[in-house]
Structures are given as C-alpha cells and as structure tokens.
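Encoded as structure tokens, the structure appears first; notes follow it.
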C-alpha cells in the first residue's frame, strides 16, 4: 500500500516536471513544422523541403542564418524567401527554387546556399510572423 502511494507520488511529480520542461524549455518548438533534408550540390548547400503543410506561401516565410557562435550572418537576417532569387544571388548568396508553379511551399522545393559564404556549422532558421517552423545546421 505504501509502495503504491510512493510510486503514484513519483509519477505525478514526473508528469508535472515533463509538462514544465515542455512549456518552459530552452527551445522554441515549431508549432507547424517544415522539414528539410540538408545536402550538398557542388559549391552549394541544398535545403530540400521533405515535409510541410500546404498552407505556407514563400512570401510569408523568413530565413535567417546564424554562425557557429549564434550571431546573425549578414545580410541573412529575416529575409523573405521570395527575395532569394537568382537576380539577388550576389547579395544573399542563396536562392529559393520552386519545384512547381504553385503558390505554396511544396515538397521538393529547394534553397541553395553558397558553401563559402555559409560554412559548415552555420545554422538556418525559417519562420513565419509568429513562430519558428524549421531549424537545422549546415553540414
């Protein structure tokens, strides 16, 4: 009887602890995540969309790149994906490529980023106006 009560108390404390960690943990959990496969093509990193709801427009998403120390890599501070065009390659050293002609982000859409500008261990973050949707490390 005493053992059962003790186990119950431990389980209640563990559940409360896990709820606290979930709500106040050090990382912002994406509410509607996008998933990317990070790869390499020649001199570029590739970030290929592998999962995501069909509700995101590239014009509503922002990209930020951080160096290994967590500092923003200029000029990549909250740049709209639609600004990452081949015409702007010299400015951002990054492009967003749509797989299809649709309006929304699709599986297979790709971001190319120059490896010499954004070396291994740089971290990317993609967000909308309210939350982080994807993060990852270039490697």
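FYI, it's all coordinate maths here, none of it is from the lab. Remember, predicted model here, so these are calculated numbers, not experimental data. Cβ atoms come from the backbone with ideal geometry, glycine included; neighbour counts cover every protein chain shown.
Scanning the range 53-72 for residues that are free of Cβ contacts under 8 Å to residues at least 60 places away in the same chain, assigned to a loop (DSSP other than H, G, I, E, B) and either at negative phi or touching a helix residue (DSSP H, G or I) at 6+ places or on another chain (Cβ under 8 Å) (or both) gives 53, 54, 55, 57, 67, 68, 69, 71. Scanning the range 129-139 for residues that are over 24 Å from residue 55 (Cα atoms), surrounded by fewer than 17 Cβ atoms within 10 Å (Cβ to Cβ) and over 10 Å from the mean Cα position of the chain (by Cα) yields one hit, 139. Selection over the range 85-128 of residues that are within 16 Å of the chain's Cα centre (by Cα), surrounded by 19 or more Cβ atoms within 10 Å (Cβ to Cβ) and not in a strand (DSSP E or B) gives a count of 4.
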